[in-house]
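Everything on this sheet refers to the single structure shown next.
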Amino acid sequence: MSLPLHGANPRSLYQSMRIPVPEQIIDFSENSNPLGPPSAISEKWMAWQSAISSYPDPEGQALRQAIADYHGLGSEQVLLGNGAAELMMVVARWFQGKIVGIVHPAFSEYVRVVEANGGIVQSFITTEETGWQSPDEEIMHFLIKGHILFLCNPVNPTGIKYSRDTLARWIKQADRYGATILLDEAFIDMIGEEYSFANQIGSSSLLIFRSMTKMYSIAGLRLGYLLGTKGRLAEFGSLLPHWNVNALSLLAGEEALRDKAFQEKTRTYMKTERERLFAFLDDLGFRYSLSEANFYLLQPQNASQTADLFRWLLHRGIVLRHTYNYKGLEGRWLRAGIKTKEQNDQLIQAVTAWHQEQLL
């Protein structure tokens, strides 16, 4: 049985598992903001339609400047992409023959883009027993050799963030030995910009991937950016096609950055719902990752029942993210995004019903 490699693809999942598709589906495998796009994007959408008849600015200068202002950087330190995934593919061309360390569990695209571009993956495995914290001494030694380290903060799929001291120590080590750290901050704004390392981007060892689709719930528009030094970004930018970001995405990105209140509202909501969901899982004796993001791992008290819970929920239209293709998890856990309160309530009700069946 071959399951989809990513979440947010429920119909393909049902087809792969040969389960009839229910009339109603709630997709917890997808982890964008359940509060939807900022209202200003919806309000201005029709007014933006005239933009589709003209080519977009190939440099996206207005949005680049808005992002630079947001982070306190220069616009030459920002490179726009058709989603952060496009930028990962461009940076990965530089991996040919190089050793790239990846801390697992991690977003499955990291391994794919490294291997597709001739890089050599060296894996570091984290576990529940260590709180999914990375092996500090091993990574410090790895960076001495001048290799590349690929990290996600907060980590997808656990939702756990690295301590600032740990990341700062690794960046300093990379600077000293000519190594490079690729830091994926796709979900950092769900926690708070004070945890971002964007203010360290002057370091030649650091490149940061950012997504605008998660916080602002505009995944269909595909919009991300890369932060780095002027020289490196000029090199990567030369590999991108012209007009790689469409006009509507450029406009939506500018508008989204203006809405600081939306970000705070989202973070407050996530914290409240996360605490409520974790309290529920505690009551049932489930294990879960101590996520600070908008998703988390969960596992029944009897880990061997994870696959049964996954399938049972699918039959009832509740789609969680399998973890079979996450190194270090191998299907023993499930990942759930935090959705609307009403949808989270339906997950609670469904998991409660499954749990009660196990007690009979």
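The values are calculated or read from the model by the stated rules, or taken from the named source; none is laboratory data. Small disclaimer: the values here were computed from a predicted structure and weren't measured. Ideal geometry is used to build each Cβ from the backbone, glycine not excepted, and the neighbour counts take in all protein chains shown.
Hey, can you tell me all the residues within segment 132-177 that are within 19 Å of residue 293 (Cα to Cα) and among the β-branched types (Val, Ile, Thr)?
155, 158, 160, 166
Identify, please: which residue in segment 26-49 is in contact with a strand residue (DSSP E or B) (Cβ under 9 Å, 6 or more places away or on another chain) and not aliphatic (A, V, I, L, M) and is, among those, surrounded by the most Cβ atoms within 10 Å (Cβ to Cβ)?
Step one: of segment 26-49, the residues in contact with a strand residue (DSSP E or B) (Cβ under 9 Å, 6 or more places away or on another chain) are 26-32, 34.
Those left that are additionally not aliphatic (A, V, I, L, M): 27-32, 34.
Details: 27: 20, 28: 24, 29: 21, 30: 18, 31: 27, 32: 20, 34: 20.
It comes out as 31.
Just need a number here: residues in segment 202-247 that are in contact (Cβ under 8 Å) with a residue 40 or more places away in the chain, more than 22 Å from residue 109 (Cβ to Cβ) and in contact with a helix residue (DSSP H, G or I) (Cβ under 6 Å, 6 or more places away or on another chain).
2
Looking at (1) assigned to a helix (DSSP H, G or I); (2) aliphatic (A, V, I, L, M); (3) within 30 Å of residue 292 (Cα to Cα), which one does residue 100 not meet, given that it meets all the others?
Condition not satisfied by residue 100: (1).
Any residue in segment 114-130 that is among the aromatic types (Phe, Trp, Tyr) and out of contact with any helix residue (DSSP H, G or I) (no Cβ under 7 Å at 6 or more places or on another chain)?
No, because not a single residue in segment 114-130 is among the aromatic types (Phe, Trp, Tyr) and out of contact with any helix residue (DSSP H, G or I) (no Cβ under 7 Å at 6 or more places or on another chain).
Can you tell me which condition residue 252 does not meet? The list is (1) more than 18 Å from residue 209 (Cα to Cα); (2) in contact with an Asp or Glu (Cβ under 9 Å, 6 or more places away or on another chain); (3) buried (at least 20 other Cβ atoms within 10 Å of the Cβ), and all the others hold.
All conditions pass for residue 252, except number (2).
Pick from segment 102-133 the residues that are of a type outside the set (A, V, I, L, M, F, W, C) and within 18 Å of the chain's Cα centre (by Cα): which of them is surrounded by the most Cβ atoms within 10 Å (Cβ to Cβ)? Even if it seems obvious, please write down each step before you answer.
Just the residues of segment 102-133 that are of a type outside the set (A, V, I, L, M, F, W, C), to begin with: 104-105, 108-110, 112, 115, 117-119, 122-123, 126-131, 133.
Those still in the list that are within 18 Å of the chain's Cα centre (by Cα) too: 104-105, 108-110, 112, 126, 133.
On the way: 104: 21, 105: 26, 108: 17, 109: 19, 110: 22, 112: 16, 126: 19, 133: 14.
Only one residue fits best here, namely 105.
Tell me which residues, restricted to segment 250-296, are closer than 25 Å to residue 42 by Cα, under 17 Å from the mean Cα position of the chain (by Cα) and hydroxyl-bearing (Ser, Thr, Tyr).
266
Six or more apart or on different chains, Cβ atoms under 7 Å: show the pairs whose first residue is in segment 8-22 and under 13 Å from residue 322 (Cβ atoms) and whose second is exposed (fewer than 12 other Cβ atoms within 10 Å of the Cβ) and at pLDDT below 90.
Note: pairs meeting the criteria are 16/1; 16/2; 17/1.
How many residues does segment 144-191 contain that are of a type in the set (Phe, Trp, Tyr) and out of contact with any Pro (no Cβ under 9 Å at 6 or more places or on another chain)?
Counting residues in segment 144-191 that are of a type in the set (Phe, Trp, Tyr) and out of contact with any Pro (no Cβ under 9 Å at 6 or more places or on another chain) gives 3.
Read through the list (1) in a helix (DSSP H, G or I); (2) surrounded by 18 or more Cβ atoms within 10 Å (Cβ to Cβ); (3) of a type in the set (A, V, I, L, M, F, W, C); (4) more than 20 Å from the chain's Cα centre (by Cα), then give the number of the only condition that residue 52 fails.
All conditions are met except number (2).
Quick check on segment 153-164. Is at least one of its residues farther than 17 Å from residue 104 by Cβ, in a helix (DSSP H, G or I), in the same structural domain as residue 119 (by the TED database) and in contact with a strand residue (DSSP E or B) (Cβ under 8 Å, 6 or more places away or on another chain)?
No: segment 153-164 contains no residue that is farther than 17 Å from residue 104 by Cβ, in a helix (DSSP H, G or I), in the same structural domain as residue 119 (by the TED database) and in contact with a strand residue (DSSP E or B) (Cβ under 8 Å, 6 or more places away or on another chain).
Does any residue of segment 86-101 turn out to be under 27 Å from residue 259 (Cβ atoms), of a type outside the set (Asp, Glu) and at pLDDT 95 or above? Spell out the reasoning first.
Residues of segment 86-101 that are under 27 Å from residue 259 (Cβ atoms), as a first pass: 86-88.
Now narrow it down to the ones that are of a type outside the set (Asp, Glu): 87-88.
If we keep only those that are at pLDDT 95 or above as well, we get 87-88.
Yes, the conditions are met somewhere in segment 86-101.
Under the condition of being part of a loop (DSSP other than H, G, I, E, B) and more than 17 Å from residue 21 (Cα to Cα), which residue from segment 297-321 is nearest to the chain's Cα centre (by Cα)?
Checked segment 297-321; the qualifying residue nearest to the chain's Cα centre (by Cα) is 300.
In segment 199-239, which residues are of a type in the set (Gly, Ala, Ser) and assigned to a strand (DSSP E or B)?
Scanning segment 199-239 gives 211, 224.
Just name the residue that is modelled with the lowest pLDDT out of those in segment 1-41 that are small (Gly, Ala, Ser) and under 27 Å from residue 274 (Cα atoms).
8
Being modelled with pLDDT of 95 or more and surrounded by 16 or more Cβ atoms within 10 Å (Cβ to Cβ) is true for just one of 77, 65. Which residue is that?
Result of the check over 77, 65: 77.
Go through (1) among the basic types (Lys, Arg); (2) surrounded by 23 or more Cβ atoms within 10 Å (Cβ to Cβ); (3) touching a Gly at 6+ places or on another chain (Cβ under 7 Å) for residue 222 and report which single condition fails.
(2)
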